[in-house]
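Read-outs throughout are calculated quantities, based only on the coordinates presented, and are distinct from any laboratory measurement. The structure displayed is predicted, hence computed values, not measured ones. Heads up, the Cβs are rebuilt from the backbone with ideal geometry, glycines too, and the neighbour counts pull from every protein chain shown.
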Amino acid sequence: MIEIDNLNKTFVKQIRKKGFKGFLFPEKKEFTAVNNISFNVKKGEIIGFVGPNGAGKSTTIKMLTGIIHPTSGKVTVAGLDPSKDRKKLAYKIGCMFGQKSGLWMHLPAIDTYMLLGAMYDIEKEELEKRIDKLVKEFGIEEIVKIPVRKLSLGQRMICEIVAIMLHNPEILFLDEPTIGLDIMVKEKVRKAILDVNEKFGTTIFLTSHDLGDIEKVCDRIIIIDGGRIIKDENIEELKHEYLSEKFVEIIYDENIENVEFDYSIVSKEENKVIIKVDVSKIKMSEILEKFMKYGNIIDIEALPLPLEEVIYDIYTRVEGGE
Amino acid sequence: MLTEARNTFNFVIKSLICNIKSSMEYKKSFILQTVFMMINNGFFLIFWLVVFGINNGNISGITMDDILYLWSIPVISWGAAHFFFGGITEINRYIINGELDTYLLQPKNMFFNVATSRCDVGAFGDLLYGTILGIIVSNSIFDFIQILIYSAIATIITVAITVSVRCLAIWFGDVENLAHVYEQSLFATLTNYPEAVFGKGIKFIMYTIVPAMYAVHLPIRLMGKFDIKIFLLIILATIIFVLIAKMLFSIVLKKYESGNNIALKS
């Protein structure tokens, strides 16, 4: 469904040096955003494409959707070259970029759906059938008649997903679909993404900073940093490899800043200490037992490693040649 | 080709309907903006009525009818360009903020998609005001049809020059003030005064970089006496300004660099 072969993208940036001469004649410097990446995505796969800010995620998605052209390399999406067949490709893909809304804020979502019908040349009867089917599928029959500005964020996000599904796209590109959402809305969006994949067999290419999105939705994860792919792995394997590592936050009933712990500590502040553990190797009861000797524990919580931590860990291993 | 043209037309109409429906969500605001725009335009007419009153209805051969034509064609065309294609005034902002991404992801013609993405509500007042003046000044239905045809041509010229000047943002960055000066202080001003008041130097500008002659003054000459040569000259100039706009817009699409801004359609 997606084939990328040795894809590169470089930008020329102007760098202004100090002084009047520097202002008049800025230095031009080439900057590589995407550096020789290759991967394939099969039909019906859900791919998590992750990496820190500036890693090259958005640049890659923009090349896959035809917004910007690659400097070199080959891209095929749904059998088309995005830089040559941008308009044809638009009929085969659906895109959602974070909180950038595709809906008209002052109108009910149904009006945007009718406009999208004209956008994608869908006959009126066929469009009504598709709207009816999707609206029932996602249970938003009444919601689509209310102006979008009056909807809750969760309701709006579901309406957005229906909007990008109207023209039966083969691939969905979702760039940070859960950014800025609370946990309840995140869950709704994640469920909607899984429903779309299951019911329509749609291939999904998702970027997110939220490891929860990747963990709960994706089959496979591709990690990019500095424009290079540093990991391309099945999510279950990655879970086994990294997601068993957690931060454990232990809270005592008194200040423990002066206590010397016989364990590797991530941070220590007033009555709180944070440690990093591999829960597949050590049981929580053992941790509790070890740390009880330093004082009275009033709370303990295990938190998943932030994505940046996992990426940093993978990155340092790659740099170290492991 | 024909199917694509039909589909694009269908999309433009649906987009305009969405724009009008969206504006109508705030009916009172829509009505107020329309009325105040008409009052604003009305003050200029009162000014001319007073001037003609003092000068017995004739100033160096210029009559009140000439002024009514002068306030009908440009006001209809300005209103139509900004009401139906309000997105044209956003092109420079879309370029510098990297906001063309949304339109590049859609399969429709980029120009029509961008142009119909927004409507300037206040421009409806211009459109209505110009049409009423056109009805008042017309001696026959044929006169009124002529006004509408020349207004349509002037609308195309207004859209073309607006697109051209706003596309300059791809090289110069922020051109909002430049565009404001060009569109309102030059083009609109030069279309709102009788041709006779301008000297040769200004007329040269009106025939070249600020095409007020083709949009308004030559059509007004034709309202008095039709001349096929002048008519063809207007058509030729319109085609040239459209081609310039098309070329600049194509360059924008080639040179455009995407951004990461977050925005909502209104």
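Below is a table of values for the structure above.
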quantity: Separation of alpha-carbon centers, the range A:52-102 and the range A:240-260, rounded to whole Å; calculated: 42
quantity: B:LYS229-A:GLU241 pseudo-label distance in nm [points 7 Å out on the Cα-to-Cβ vector]; calculated: 8.1
quantity: Theoretical FRET efficiency, 1/(1+(r/R0)^6), r = Cβ-Cβ of A:ASP81 and A:ASN36, R0 22 Å, to 0.05; calculated: 0.75
quantity: Kyte-Doolittle at least 0.0, axis length at least 30 Å by Cα - qualifying DSSP helices, chain B; calculated: B:2-24, B:27-54, B:141-167, B:228-255
quantity: Expected-Rg normalisation [2.2 N^0.38 Å, Cα atoms] applied to the range B:111-266; calculated: 1.16
quantity: Interchain or long-range residues, amide H under 5 Å from B:ASP120's placed H; calculated: B:PHE83, B:GLY86
quantity: Which of B:PHE11, A:PHE11, B:PHE112 has the fewest Cβ neighbours within 10 Å, and the rest in rising order; calculated: A:PHE11, B:PHE112, B:PHE11
quantity: 3J(HN,Hα) from dihedral phi, the range A:105-113, Karplus parametrisation 6.51/-1.76/1.60, rounded to Hz, x for glycine, proline; calculated: 4, 8, 10, x, 4, 4, 5, 5, 4
quantity: Fraction of antiparallel bridges per DSSP, the range A:174-236 only, in percent to nearest 5; calculated: 75
quantity: Ranked B:SER15, B:SER140, B:SER250, criterion: other C-beta atoms within 10 Å, fewest first; calculated: B:SER140, B:SER250, B:SER15
quantity: Those residues of the range A:110-138 whose amide nitrogen sits under 12 Å from the label point placed on B:LYS21, 7 Å along Cα→Cβ; calculated: A:110-118
quantity: Fluctuation leader among B:THR131, B:THR63, B:THR191 - chain B, Gaussian network, Cα springs under 10 angstrom; calculated: B:THR63
quantity: Whole-angstrom Cα spans of the range B:165-214 along principal axes, big to small; calculated: 37, 16, 16
quantity: Full-extension gain in nm, A:GLU249 to A:PHE25, via 0.36 nm per residue minus C-alpha separation; calculated: 75.3 nm
quantity: Computed E for A:ILE282/A:GLU257 - FRET, C-beta separation, R0 22 angstrom, nearest 0.05; calculated: 0.35
quantity: Segment A:SER152-A:GLU301, extension gain: residue separation times 0.36 nm, minus the distance between their alpha carbons; calculated: 50.5 nm
quantity: Nearest 10 degrees, 0 to 90: helix A:124-137 Cα axis against chain A principal axis; calculated: 20
quantity: Distance (nanometres) between label positions extended 7 Å along Cα→Cβ at A:VAL266 and B:LEU178; calculated: 5.2
quantity: Over 19 Å (Cα to Cα) - which of A:LYS92/B:LYS21; A:LYS43/A:LYS199; A:LYS87/A:LYS145; B:LYS108/B:LYS254; A:LYS124/A:LYS150 fall in this group; calculated: A:LYS92/B:LYS21; A:LYS87/A:LYS145; A:LYS124/A:LYS150
quantity: Equivalent ellipsoid semi-axes, chain A, via Cα gyration tensor eigenvalues times 5, rooted, Å; calculated: 40, 29, 20
quantity: Cα pair distances of the protein assembly as shown binned at 10 Å [whole percent]; calculated: 3, 14, 20, 20, 16, 12, 7, 4, 2, 1, 0
quantity: For the range A:1-19 versus the range A:199-223, the gap between their alpha-carbon centres in whole angstrom; calculated: 26
quantity: J(HN,Hα) series, the range A:186-197, from Karplus relation 6.51 cos²θ - 1.76 cosθ + 1.60, nearest Hz, glycine and proline x; calculated: 4, 4, 4, 5, 4, 5, 4, 5, 5, 4, 4, 5
quantity: Likely footprinting exposure, B:THR208, B:THR158, fewest C-beta neighbours within 10 Å first; calculated: B:THR208, B:THR158
quantity: Kirkwood-based Rg to Rh ratio, the range B:44-162, C-alpha trace; calculated: 1.13
quantity: Under Karplus coefficients 6.51, -1.76 and 1.60, residue-wise ³J(HN,Hα) of the range A:47-60 in Hz, glycine/proline x; calculated: 9, x, 10, 10, x, x, 4, x, 6, x, 4, 5, 4, 5
quantity: Antiparallel DSSP beta bridges within chain A, as percent of all bridges there, nearest 5; calculated: 70
quantity: Counting DSSP beta bridges with both ends in the protein assembly as shown, the antiparallel % (nearest 5); calculated: 70
